């Protein structure tokens, strides 16, 4: 006849066996669905029409990449048309008639900018350097030389674009220094220092 201790051990073993059978049954039915949902980025658990986070990020990145490159090309073409070619009629297509100017050195509006360039020396030259874009904003780092003043200008021009035209502008302007004046020992623009005469060293 089994003792009380032996009966207790049999009950524990029986309970463990039943529990194991339940877990195995649950795993065979539930876990495949769980694994499938994970592999599909929880697609089966999302409301209809909701895009996964990764999809949104990829779509946004692709859209911005195309727009950014288009806007950078637009700025470079427009700056060359106005500052180097002095083609004011062609340049009008790039600047909005309601152009907002934040620069302390340029009169307001599109006409203020165009009149400033018209009054500049024929030696004026614009050279673009680094350029970055994010959505409707473009920043281009460039050099304005031939200004008939004591130093060239190194300028970060910030342009906001809407519907393919420039609607707003900010800038950060510094006088270009010589190699002797540079505390960093490096040129402010490009990889060589430029003299006021326009020659490099």
(message) Based on this model, can you work out whether residue 129 counts as surrounded by 12 or more Cβ atoms within 10 Å (Cβ to Cβ) and more than 22 Å from residue 72 (Cβ to Cβ)?
(response) no
(message) Just to verify a result, which residue in segment 86-111, among those that are in contact with a strand residue (DSSP E or B) (Cβ under 6 Å, 6 or more places away or on another chain) and surrounded by fewer than 17 Cβ atoms within 10 Å (Cβ to Cβ), is farthest from residue 75 (Cα to Cα)?
(response) 108
(request) Return yes or no: is residue 97 in a loop (DSSP other than H, G, I, E, B) and within 17 Å of residue 166 (Cα to Cα)? (result) no
(message) Just to be sure I understand, how many residues within segment 153-168 are part of a strand (DSSP E or B) and in contact with a helix residue (DSSP H, G or I) (Cβ under 8 Å, 6 or more places away or on another chain)?
(response) 4
(message) Let me confirm something: among 173, 131, which residue is assigned to a strand (DSSP E or B) and closer than 23 Å to residue 67 by Cα?
(response) 131
(message) Considering only segment 104-122, I want to know if a residue exists there that is in a loop (DSSP other than H, G, I, E, B), under 27 Å from residue 66 (Cα atoms) and at pLDDT 95 or above.
(response) no
(request) Determine, yes or no, whether residue 130 is touching a strand residue (DSSP E or B) at 6+ places or on another chain (Cβ under 7 Å), touching a residue at least 12 places away in the same chain (Cβ under 8 Å) and either under 26 Å from residue 90 (Cα atoms) or not assigned by TED's automatic domain parsing to the domain that holds residue 100 (or both). (result) no
(message) Only one of 198, 190, 164 is surrounded by 11 or more Cβ atoms within 10 Å (Cβ to Cβ) and at pLDDT 95 or above. Can you tell me which?
(response) 164
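The values are calculated or read from the model by the stated rules, or taken from the named source; none is laboratory data. Every value quoted in this text rests on a predicted model; they were computed, and no experiment measured them. Cβ: placed from backbone, ideal geometry, glycine included. Neighbour counts: every protein chain shown.
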